[in-house]
Amino acid sequence: MAELDISDQLREAGLRVTRQRLAVVRVLREHPHATADAVAERVRALGVTISTQAVYDVLAALESAGLIRRIEPAGSPGIFEARVHDNHHHMVCRRCGLIVDVSCVVGEAACLTPSESHGFAVDEAEVTFWGLCPACQRIAAGERGEPR
Ligand SMILES: [Zn+2]
Ligand SMILES: [Zn+2]
């Protein structure tokens, strides 16, 4: 994973290249769907000194520059990812909170065409699928006393 190309992205977005911004983008590319706290922890694990407030500031700057995306499934804290501009969706486990990416199910254009646009010029659709991940399905089956 080239730091160089992250630097280019930052510069193209009009952001000054700092160690902290580089580290945050790198962490999010390697560990998508991370909370701000999780990002802070991983950035520090890379040996970069950063305060929790600074993490929030960096995330906000990267988000408004369009380099990262913030999603907020109901009942969950804000979650960040570096996969942007592909209109992908998310599947969330109700039980353990696992989040996985789902590519647009019926094609990009269809997902962007609601049955009623109410006059909006729609440029993004965000769908969250909820359910139980495979591990949680096994746990739930065990709790019901079903054979695994
Ligand atoms: Zn689960
Ligand atoms: Zn995602």
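A short reminder: the numbers here are calculations on the coordinates, not readings from a lab. The shown structure was predicted, so the numbers you read here are calculated from the model rather than taken from an experiment. Using ideal geometry, Cβ is built from the backbone for each residue, glycine included, and neighbour counts are taken over all protein chains shown.
Here are the numbers for this structure:
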| item | result |
| --- | --- |
| Residue-wise HN-Hα coupling along segment 29-35, computed from phi with Karplus coefficients 6.51, -1.76, 1.60 (Hz; x: Gly, Pro) | 5, 7, 10, x, 6, 9, 6 |
| Relative exposure of V55, V48, judged by other C-beta atoms within 10 Å (fewest first) | V48, V55 |
| Using θ = phi - 60° and Karplus 6.51 cos²θ - 1.76 cosθ + 1.60, couplings along segment 73-90 (whole Hz; Gly, Pro as x) | x, 3, x, 10, x, x, 10, 10, 8, 9, 8, 10, 6, 10, 6, 7, 10, 9 |
| Hydrodynamic radius (Kirkwood) for the chain, which is based on Cα pairs only, to one decimal in Å | 17.3 Å |
| Under 5 Å, built H, 5+ apart or other chain: amide partners of V102 | H89, H90, M91 |
| Karplus 3J(HN,Hα) series, Hz, for segment 97-104 with 6.51 cos²θ - 1.76 cosθ + 1.60 (x for Gly, Pro) | x, 4, 10, 10, 7, 10, 6, 3 |
| Burial ranking of peptide ranges 118-129, 87-98, 7-18, 22-33 (average Cβ count within 10 Å, highest at the top) | 22-33, 87-98, 7-18, 118-129 |
